[in-house]
Amino acid sequence: MSGEIQAEDFSFWYGETQALKNISVTLPAGQITALIGPSGCGKSTFLRSINRLQDVVPRTRHEGAIRLDGADIHAPGMDVVSLRRRVGMVFQRWNPFPKSVYANVAYGPRVNGIRNAARLDEIVETSLKRAALWDEVKDRLRESATGLSGGQQQRLCIARALANDPEVLLLDEPASALDPLSTQKIEELLFELRGSLTVVIVTHNLQQAARASDHTAFFFLGELIETAPTQTLFTAPSDDRTEAYITGRFG
Amino acid sequence: MGGVAVGDRIYRGVTTLAGLAIVALLLYIAVEVFTGGWPVFRKFGLGFLTSSAWDPVHDVYGAAPAIFGTLVSSAIALVIATPLAVGTAVFLSELAPRWLGQPIAFLVDLLAAIPSVVYGLWGIFVLEPMMRDSIAPFLQNTLHLGGLPIFDGVSYGPGMLAAGIILAIMILPYISAVTREVLMAVPRSQREAAFALGATRWEMIRDAVIPGAKSGIVGGIVLGLGRALGETMAVTMVIGNAPTISASLFASGYTMASIIANEFAEAAGLHISALLAIGATLLAVTLVVNVLARWLVARVGVRYT
């Protein structure tokens with residue numbers, strides 16, 4: 001099983017502001033890890049560091065290392081484009097391209113060099129099925145993606161990320177703008193994906209973290225306070241700040 | 001209570017009046033120009049638009065060379081300016097570091113502040129010799145394009161190509177400024193979506209930024225086209241001012257705007273009417289282009305959710 005992520009003393013700065021302080025953690029391959037913590041605690045920054053999307057933000061820098069299956073993702077030999085193919089990402093606000101459903105899902109494989117039409121058809125179908133969207137869109141693959149409902153668009157974005165057959169899937173509050181039913185569908189689908197790839201999900205919704213993850217990591221003020229199997233963290237947190245957060249005393 | 005209502009009514013009255021005044025002014029100008037040109041429209045009919053005889057001495061007027069010149073010089077301007085302007089805008093909004101991008105953006109905007117007549121002077125003293133000694137020989141002898149009708153014949157300097165080049169420089173800042181704005185308006189989430197799927201920076205620009213900005217870019221091109229169609233002074237100074245239709249871009253030509261600017265001073269009788277008729281035609285062409293453009297902008301637009 002590949003897709004293990006290891007952070008070692010990873011720190012991150014926006015200009016002079018330190019957003020992450022010496023994060024060391026292992027996110028096990030094939031499992032779901034939830035990152036929780038109050039706004040501005042650094043969990044999204046950490047998530048976006050895993051596929052080096054923070055690289056495109058001007059005036060940022062990092063220290064320490066993040067490893068994907070043992071390989072330093074910032075090493076000079078690491079191609080950021082192929083890293084992002086291996087590490088897919090889904091954003092808080094669904095962001096399909098204003099193109100057809102098909103073109104959205106096929107985008108990743110296409111920029112990564114797959115041209116064969118039959119192969120693309122197959123990838124699009126498989127990815128939409130993995131994202132539990134195939135039955136709803138199989139008759140409207142050529143229609144614009146922006147005509148789908150919000151929940152469908154978000155699952156389309158998941159399908160689009162899965163089309164690259166990544167080893168890791170990062171999700172940045174994927175359900176925070178969705179209704180409960182759409183949220184449930186996404187949680188179910190993450191559970192289906194479990195075992196086939198590593199899932200890292202940032203969420204503000206503690207119930208969601210408790211329901212839908214194997215491990216939970218609690219971030220506070222740029223530090224990783226505690227990481228534990230989800231059940232342990234929610235029932236017997238070892239740090240007072242974790243307990244305060246999960247019992248709703250701040251955040 | 002009563003005071004508010006009165007103030008409201010005055011405000012509504014004044015703004016309505018201002019709005020209507022613009023409409024009235026526009027209609028008034030259009031009507032005056034059309035009635036002024038009416039004797040020529042009546043005498044030559046549709047032939048005025050299709051005939052290429054422009055002979056004030058014998059009072060024979062055909063606007064075809066001027067219409068041709070306006071459309072062709074504007075088309076040349078668009079062909080040259082669009083890629084340059086879009087390229088500049090992409091560079092400034094996507095690639096240039098801030099310290100470099102801002103001064104360049106300022107300089108590009110400054111191109112729009114140079115008076116038309118200064119462009120004309122530059123055209124006469126710099127561009128025309130360059131046309132004659134470098135550009136035409138380069139196209140004909142180095143690129144061996146002399147066999148094409150559009151690059152046929154001898155360039156003396158002034159002509160359709162010189163006018164098109166001047167126009168291209170003049171409309172570049174408009175296209176570039178509008179394009180830059182719409183590129184920057186493309187949501188960051190679209191850029192990140194492309195990056196996160198393994199797109200390179202170039203693929204991200206090609207697939208996420210430019211399609212999202214397409215309608216705005218077309219809008220900018222149309223704004224530039226509007227400027228090019230009506231531009232008078234600089235074109236008059238470099239186009240050669242000959243009412244002829246020639247396939248060669250090195251040949252002299254005329255535009256609707258430049259024929260008016262050149263001849264109104266010594267015009268009398270039917271000649272005046274002919275110039276007004278040209279003005280009316282220019283008005284109509286501009287209107288048609290703008291309507292087409294709006295339709296085009298609406299058609300290529302994309303909607304995000």
Highest-MSF residue in chain A out of A:I32, A:I201, A:I225 [GNM, Cα springs under 10 Å]:
A:I225
Counting other chain Cβ atoms within 10 Å of each Cβ in A:50-60 and taking the mean gives 2
Placed amide H near A:Q18: partners under 5 Å, 5+ positions off or other chain:
none
Which of B:I166, A:G77, A:A161 sits farthest toward the positive end of the charge dipole of the protein assembly as shown, with +1 on the Cβ of Lys and Arg and -1 on the Cβ of Asp and Glu?
B:I166
May I ask you to derive the relative contact order of chain B, considering only C-alpha pairs under 8 Å and at least 6 residues apart, and to give it as an integer percent?
27
Charge dipole magnitude, Cβ of K and R +1, D and E -1 - the protein assembly as shown, Cα centre, debye nearest 20
720
For chain A, modelled as a Gaussian network with Cα springs under 10 Å, which listed residue fluctuates most, A:R59, A:R84, A:R130?
A:R59
Amide H of A:M89: which non-local residues (sequence gap of 5 or more, or other chain) have their own amide H closer than 5 Å, using H built in the peptide plane?
A:L170
From other protein chains only, count the Cβ atoms within 10 Å of every residue's Cβ in A:75-87, then give the mean.
2
Report D for region B:196-305 in µm² per second (integer): Stokes-Einstein, Kirkwood Rh on Cα pairs, 20 °C, 1.002 mPa s.
125
Rounded to the nearest whole number, the Stokes-Einstein translational diffusion coefficient of region A:152-204 at 37 °C and 0.692 mPa s (Kirkwood radius, C-alpha pairs) in µm²/s is 290
Which whole number of Å³ per residue matches the convex hull of the alpha-carbon atoms in the protein assembly as shown?
246
Protection proxy ranking of B:135-143, B:162-170 - average other beta-carbon atoms within 10 Å, highest first
B:162-170, B:135-143
Nothing charged except the Cβ atoms of Lys and Arg (+1) and of Asp and Glu (-1): what's the magnitude of the dipole of region B:47-300 about its Cα centre? Round to the nearest 20 debye.
900
Which values, in whole Å and largest first, are the semi-axes of the equivalent ellipsoid of region B:47-300 obtained as the square root of 5 times each eigenvalue of the Cα gyration tensor?
37, 21, 16
For every other residue with a beta carbon closer than 13 angstrom to the beta carbon of B:L78, add +1 if it is Lys or Arg and -1 if Asp or Glu, then tell me the sum.
0
Cβ neighbours within 10 Å from other chains - mean over A:158-171
1
For the charge dipole of chain B, defined by +1 on Lys and Arg C-beta atoms and -1 on Asp and Glu C-beta atoms about the Cα centroid, which residue among B:G216, B:G45, B:I124 has the Cα displaced farthest towards the positive pole?
B:G216
The farthest towards the positive end of the charge dipole of region B:47-300, of the residues B:G87, B:H58, B:L292, given +1 on Cβ of Lys and Arg and -1 on Cβ of Asp and Glu, is B:G87
Quote the charge dipole size of region B:36-152 about the Cα centre in Debye, to the nearest 20; the model charges only the Cβ of Lys and Arg (+1) and of Asp and Glu (-1).
220
For region B:87-98, Karplus couplings with θ = phi - 60° (6.51, -1.76, 1.60), whole Hz, Gly/Pro x
x, 4, 5, 5, 4, 5, 8, 10, 10, 6, x, 3
Determine the calculated [θ] at 222 nm for chain B from helices alone, applying -39500 (n - 2.57) to every DSSP H run no shorter than 4 residues and normalising by the residue count; nearest 500 deg cm²/dmol.
-22000 deg cm²/dmol
Restricting to lysines and to Cα separations under 19 Å from A:K99, and discarding same-chain partners fewer than 8 apart, the set is A:K138, B:K214
Which value in nm describes the separation of the simple spin-label points at B:I114 and A:Q184, placed 7 Å from the Cα toward the beta carbon?
6.7
Would you mind ranking A:C157, A:C41 so that the residue whose beta carbon has the fewest other beta carbons within 10 Å leads the list?
A:C41, A:C157
Taking R0 as 30 Å, what's the FRET efficiency between B:A75 and A:A177 from their Cβ-Cβ distance, rounded to 0.05?
0.05
Partners for A:K43 among lysines (Cα-Cα distance below 29 Å; same-chain residues under 8 apart left out)
A:K21, A:K185
Out of the DSSP beta bridges found with both residues in region A:153-251, what percent are antiparallel (nearest 5)?
50
Which of B:G19, B:G69, B:G226 fluctuates most in a GNM of chain B (C-alpha springs under 10 Å)? That residue is B:G19
Running Debye on region B:147-266 with equal point scatterers at the Cα sites and no solvent, what base-10 log of I(q)/I(0) appears at q = 0.14 Å⁻¹?
-0.71
Under 5 Å from the placed amide H of A:G64, counting only residues 5+ away or on other chains, we find A:S11
Taking chain A as the region of interest, what is the percent of Cα-Cα pairs per 10 angstrom bin, listed from the shortest bin to the one with the maximum distance?
7, 31, 35, 20, 5, 0
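All of the numbers you see were taken from the coordinates with simple rules; none came from a lab. The structure presented is a predicted model; accordingly, all values stated were derived computationally and were not measured. When we count neighbours, we look across all protein chains shown, and the Cβ atoms used for this are built from the backbone with ideal geometry, even at glycine.
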